[in-house]
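Nothing in this text is a laboratory measurement; each read-out follows from the coordinates by a stated rule. These numbers come from a predicted model, not from an experiment. Reconstructed Cβ throughout: ideal geometry from the backbone, glycine too, with neighbour counts over all protein chains shown.
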Amino acid sequence: VKEPPRIHRLDESVVNRIAAGEVIQRPVSAVKELVENSLDASSTSISVLVKDGGLKLIQVSDDGHGIRYEDLPILCERHTTSKLSKYEDLQSIKSMGFRGEALASMTYVGHVTVTTITRGQLHGYRVSYRDGVMENEPKACAAVKGTQIVIENLFYNMIARRKTLQNSADDYTKIVDLLSRFAIHHIDVSFSCRKHGAARADVHSVATPSRLNAIRSVYGLLVAQNLIKIEASDNDPSSSVFEMDGFISNSNYVAKKTTMVLFINDRLVECTALKRALEVVYVATLPKASKPFIYMSITLPPEHVDVNVHPTKREVSLLNQEVIVEKMQSVVESVLRNSNESRTFQE
């Protein structure tokens with residue numbers, strides 16, 4: 001009879017690298033985590049610079065409150081965070097980040113350099129990290145308000161993943177798409193995103209009081225002029241408590257694929273059930289070929305949202321999800337049916 005294999009503890013570095021591969025799946029995951037950190041730091045301006053689809057370089061600069069000098073030694077350790085201190089805090093989390101895994105994960109799969117300055121300091125500090133620890137003591141340097149994080153040579157130690165990503169030219173497109181989504185929701189923050197060496201930014205939005213203006217500047221006039229405003233809310237504790245506002249495309253809008261921008265409690269997420277439900281409404285109400293543009297911002301009590309269900313925080317779990325989706329579906333359906341009286345045809 002063959003002996004059962006012995007169970008042994010994995011080395012700490014192996015554990016960390018496995019976790020890092022789940023959290024930072026591709027360059028756009030790193031950009032999303034860094035931009036969310038910048039938003040948590042009350043930034044009003046966030047700029048992203050990308051080289052080689054993010055594999056060679058990702059640089060995210062913001063004008064937020066910065067990082068304290070005394071926090072720099074543990075900044076990139078796993079599970080170090082300023083967002084929560086005890087498990088109960090997770091029930092009502094309002095910030096984007098909470099696990100303290102994003103920066104740590106980046107240091108296990110790339111070379112990370114942080115430059116930061118806090119208010120009232122005469123100079124900033126620059127420090128490099130590798131495998132969760134500081135490579136050297138923080139060096140004093142000139143810095144502008146806020147934090148700049150640079151990741152170089154992403155996935156340098158994960159050969160298979162690097163090869164699969166090198167063949168795909170769509171990573172920069174994904175990063176542009178991500179920042180476009182942030183720009184139309186966080187309208188009080190200006191965003192920019194450009195390729196290294198390019199003179200023009202591919203995303204350039206300035207703070208504006210009007211959501212429609214933000215959509216116009218990011219997605220273009222053709223999208224903005226074919227949108228209908230929608231609102232819905234419910235305050236029934238037995239079924240669902242939520243508020244939703246947003247814009248959906250009308251019958252004149254024609255596109256080959258659905259664009260669904262969904263924020264739940266200011267967190268950019270995906271909800272397949274809601275997307276499918278709304279696509280069903282459009283197929284039933286409008287001509288078959290056209291796919292909708294949908295922007296929705298849903299606000300729920302924090303304790304009704306479980307944010308801790310996906311390594312990259314891409315999905316969340318909602319209390320009474322079926323009821324909420326059904327109510328949104330019926331609101332969108334009634335708005336579309338009422339707007340269906342006039343059509344414009346191109347000949």
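Please compute the contact order of segment 226-345 in relative form: average sequence separation of alpha-carbon pairs under 8 Å and at least six residues apart, divided by the residue count, as a percent.
Relative contact order for segment 226-345 comes out at 32 percent.
Kindly work out what percent of the DSSP beta bridges joining two residues of segment 236-298 are antiparallel, to the nearest 5. Antiparallel: roughly 60 percent of the beta bridges in segment 236-298. Kirkwood-type hydrodynamic radius, segment 226-345: 14.9 Å, calculated from all non-identical alpha-carbon pairs. Using alpha carbons only, how many angstrom separate the centre of segment 154-215 from the centre of segment 8-69? Using only Cα atoms to place each centre, the spacing works out to 13 Å.
Dimensions of segment 70-113 based on its C-alpha atoms, expressed as ranges along the principal axes with the largest first, amount to 33, 22, 14 Å.
Just to check, using Stokes-Einstein with a Kirkwood Rh over alpha carbon pairs, what's the diffusion coefficient of segment 12-205 at 10 °C and 1.306 mPa s in µm²/s?
93 µm²/s
Restricting the trypsin sites (Lys or Arg not before Pro) of segment 14-60 to loop positions (DSSP other than H, G, I, E, B) with no more than 16 neighbouring Cβ atoms within 10 Å leaves LYS56. Suppose we look only past 29 Å in the calculated P(r) of the chain. What percent of the Cα-Cα pairs does that tail hold? Roughly 46 percent, rounded to a whole number. Longest stretch of the chain clear of exposed loop sites (chymotrypsin sites (Phe, Trp or Tyr not before Pro), DSSP loop, at most 16 other Cβ atoms within 10 Å, sites excluded): 157-344. Our note on the geometry: Cα centres of segment 242-278 and segment 283-331, 7 Å apart. Listed cross-link partners LYS32/LYS275; LYS229/LYS327; LYS229/LYS291; LYS195/LYS291; LYS163/LYS257 are compared with a 25 Å cut-off, the Cα-Cα value being larger for LYS195/LYS291; LYS163/LYS257. Pairs of alpha carbons in segment 56-160 separated by more than 23 Å make up 30% of all such pairs.
Of the trypsin sites (Lys or Arg not before Pro) found in segment 104-174, the ones in coil according to DSSP and having at most 14 other Cβ atoms within 10 Å of their Cβ are ARG119. Sequence-distant contacts, meaning Cα pairs under 8 Å at least 6 residues apart, place the relative contact order of the chain at 14 percent.
The C-alpha atoms of the chain define a longest principal axis, and helix 27-40 lies at about 90 degrees to it. When the trypsin sites (Lys or Arg not before Pro) in segment 181-285 are filtered for DSSP coil states and for at most 15 other beta-carbon atoms within 10 Å of their beta-carbon, the remaining sites are ARG200, LYS256, LYS257.
Relative to the longest principal axis of the Cα atoms of the chain, helix 321-338 runs at roughly 40 degrees. By DSSP, what percent of the beta bridges with both residues in the chain are antiparallel, rounded to the nearest 5? Counting DSSP beta bridges with both partners in the chain, the antiparallel share is about 80 percent.
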